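These notes concern the structure reproduced below.
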There are 2 protein chains.
Amino acid sequence: MIPELLIDKDILSSAMMQEVDRCKKAIELAEQGKKITLICGGDPGIYAMAGLVLEIASTLNSSIEIEIVPGLAALNSCAARLGAPLMHDFAAISLSDLLTPWDLIEKRVSAAAQADFIIVLYNPKSKKRIKHIARAQELILVHRDGNTPAGVVTAATRENEKITITTLANLLEADINMQSTVIIGNSKTFQWQDYMITPRGYSDKYSI
Amino acid sequence: MIPELLIDKDILSSAMMQEVDRCKKAIELAEQGKKITLICGGDPGIYAMAGLVLEIASTLNSSIEIEIVPGLAALNSCAARLGAPLMHDFAAISLSDLLTPWDLIEKRVSAAAQADFIIVLYNPKSKKRIKHIARAQELILVHRDGNTPAGVVTAATRENEKITITTLANLLEADINMQSTVIIGNSKTFQWQDYMITPRGYSDKYSI
């Protein structure tokens, strides 16, 4: 996705799921004195590669210099595409139980729903993992109205981008896949035109 | 902060706390056919101006075209300065009770602590609001060890930037002010050198 930045650079790439090898290789090359840039989509600091690099570096007690450059995470770009859903306290939760026990994920979904956080769901669904989003919906519905706006953004800002605003009750009818991020509003979130808006609270205090 | 982008532009600026007037003015000018850019620090979509613009536009049922351009929120940039604290599920909570009832804020802090979310505290302290951070610390300590790493980033990436990594128990000894963001780790977060690192869980599954 960034060919113009890669001219005259040596490039190493790896397949999905090879994150550990990729980070180890990057550190190994940096240890040899090379200047290495490890690239990932989104913000490397949010559910991404920054942590794994630092974890591996700490295991090796490496003395290489590491700089984390922040970027736009899926929550930043998907929120912008939906309007302004993240105007108030929110929780980000990944529904992938590959590296996290499912009971802990359920606990977090319920806690976030009960305390009226806006909820951003990462990794809501994959080919193998299709029931997790339905269970999350069920848990959130215990505490939140079915008419609560819910947004689904797939492949944000890319050619195949798809944006859907629906409701919590109808969430499962939306197309959701591995490239999707789901944002469920809090009890104050409303839809106007094609925008999902969570009020910050100004209207309780000022005339808007 | 962006003079080079403002050459040949008409500029209207307003003081802090005048957000409602500022948004109304922007919409009013856009309604007249002008192309208006409303600028704010961080990501306009996270606790910032995007929501207020859309709220006011919805009240007026305005037909102007609005595009939200995402940016780096404090949570993105502060996380990067601290290392990789946001590698797992996290909750963002503002401790400002100017527009939100304090009991709801307490409920959210407790829920986030109990479900082992990494916690990002926006607006942790101001000149008038000095006890809120102490109360938040107290609520989090009910569920989380005092040795949990806690990071304070003040004025991220600016000239007067200050980065502190301390513990939840010692948090109040750090310099915290209106420009600070506080990030409290989850039960797995650790400190290595000057980095605050939350493991994603790879080490439970793979040899790192």
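For residue B:14 and residue B:177, the FRET efficiency from 1/(1 + (r/R0)^6), where r spans their Cβ atoms and R0 equals 22 Å, is about 0.45. For chain B, set up a GNM with springs between Cα atoms under 10 Å and report which of B:15, B:74, B:57 has the largest fluctuation. Of B:15, B:74, B:57, the Gaussian network model singles out B:15 as fluctuating most.
Where is the GNM fluctuation largest for chain B (alpha-carbon springs, 10 angstrom cutoff): B:155, B:112, B:26? Among B:155, B:112, B:26, the largest GNM mean-square fluctuation belongs to B:26. Based on the Stokes-Einstein relation at 10 °C and a viscosity of 1.306 mPa s, and on the Kirkwood radius from alpha carbon pairs, segment B:149-208 is assigned a translational diffusion coefficient of 125 µm²/s.
Here the accessible area is traced with a 1.4 Å probe on the protein chains. For the protein assembly as shown, carbon and sulfur cover 50 percent of it. Counting only DSSP beta bridges whose two residues both lie in segment A:51-208, roughly 70 percent are antiparallel. Under the criterion of Cα pairs below 8 Å and six or more residues apart, the relative contact order for segment A:21-120 equals 23 percent.
With 30 Å² as the minimum drop in accessible area between chain alone and full protein complex (1.4 Å probe), the qualifying residues in segment B:113-142 are B:114, B:115, B:117. Other residues with beta-carbon under 13 Å from the beta-carbon of residue B:188 carry, at +1 per Lys or Arg and -1 per Asp or Glu, a net charge of -3. Across segment A:115-122, coupling constants 3J(HN,Hα) worked out from phi with the 6.51/-1.76/1.60 Karplus curve, θ = phi - 60°, read 8, 6, 6, 4, 10, 9, 9, 8 Hz, and Gly and Pro carry x. Charged neighbours of residue A:73, selected by a Cβ distance under 10 Å, balance to -2 (K, R count +1; D, E count -1).
Computed from label points 7 Å out along Cα-Cβ, the spacing between residue A:67 and residue B:205 is 3.2 nm. Relative to the other identical copies, residue B:172 shows label-point distances of 4.8 nm, where the label point lies 7 Å from Cα along the Cβ direction and values run shortest first. Quarter the surface of the alpha carbon convex hull of segment A:54-162 and you get the mean projected area, 9.4 square nanometres. In sequence order, segment B:167-182 has phi-based couplings of 10, 4, 5, 9, 3, 6, 7, 6, 6, 10, 9, 4, 8, 9, 10, 10 Hz under the Karplus curve 6.51 cos²θ - 1.76 cosθ + 1.60, θ = phi - 60°, and Gly or Pro positions carry x. At a probe radius of 1.4 angstrom, the accessible area of chain B per residue rounds to 49 square angstrom. Highest GNM mean-square fluctuation among B:58, B:77, B:180, for chain B modelled with Cα contacts below 10 Å: B:58.
Label point of residue A:33 (7 Å along Cα→beta-carbon): distances to the other copies' equivalent points are 6.6 nm, sorted ascending.
Its residue count N sets the reference 2.2 N^0.38 Å, and the alpha-carbon radius of gyration of segment B:1-103 equals 1.27 times that reference.
Under the definition of Cα pairs under 8 Å and six or more residues apart, what whole-number percent is the relative contact order of chain B? Relative contact order of chain B: 18 percent. Of all lysines in the structure, those lying under 21 Å Cα to Cα from residue B:162, and not within fewer than 8 positions of it along the same chain, are B:125, B:127. Counting from the shortest, the label point at residue A:134, 7 Å from Cα toward Cβ, is 5.1 nm from the same position in each remaining copy. Relative to the 2.2 N^0.38 Å rule of thumb, the protein assembly as shown has a C-alpha radius of gyration ratio of 0.97. Building the convex hull from the alpha-carbon atoms of segment A:67-111 and averaging its projection over directions returns 4.7 nm². Label-to-label distance for residue A:163 and residue B:138 is 4.4 nm, based on points extended 7 Å past Cα in the beta-carbon direction.
Relative intensity of segment B:105-208 on a log10 scale, I(q)/I(0) at q = 0.11 Å⁻¹, equals -0.34, per a Debye sum over C-alpha point scatterers of equal strength in the absence of solvent. With the convex hull of its Cα atoms as the shape, chain A has an orientation-averaged projected area of 14.4 nm². Which lysines, if any, have their Cα less than 20 Å from the Cα of residue B:188, not counting same-chain residues under 8 positions apart? Hits, sequence-local ones excluded: A:107, B:205. In a fully extended conformation the segment linking residue B:31 and residue B:193 would gain 53.0 nm over its present Cα-Cα distance, using 0.36 nm per residue. Put the Cα centre of segment A:150-165 next to the Cα centre of segment B:33-71 and the gap is 19 Å.
Heavy atoms of chains A and B lose about 6400 Å² of accessible surface on contact, summed over both sides with a 1.4 Å probe. Projecting the Cα atoms of A:23, A:74, A:38 onto the dipole axis of segment A:1-113, where Lys and Arg carry +1 and Asp and Glu carry -1 at the beta carbon, places A:74 farthest toward the positive end.
The values are calculated or read from the model by the stated rules, or taken from the named source; none is laboratory data. Predicted model only: the values in this text are computed from it and were never measured. Glycine also receives a Cβ, built like all others from the backbone with ideal geometry; neighbour counts cover every protein chain displayed. Side chains are part of the model used for accessible areas, which takes the heavy atoms of the whole protein and leaves out ligands, DNA and RNA. Shrake-Rupley method; radii C 1.70, N 1.55, O 1.52, S 1.80 Å.
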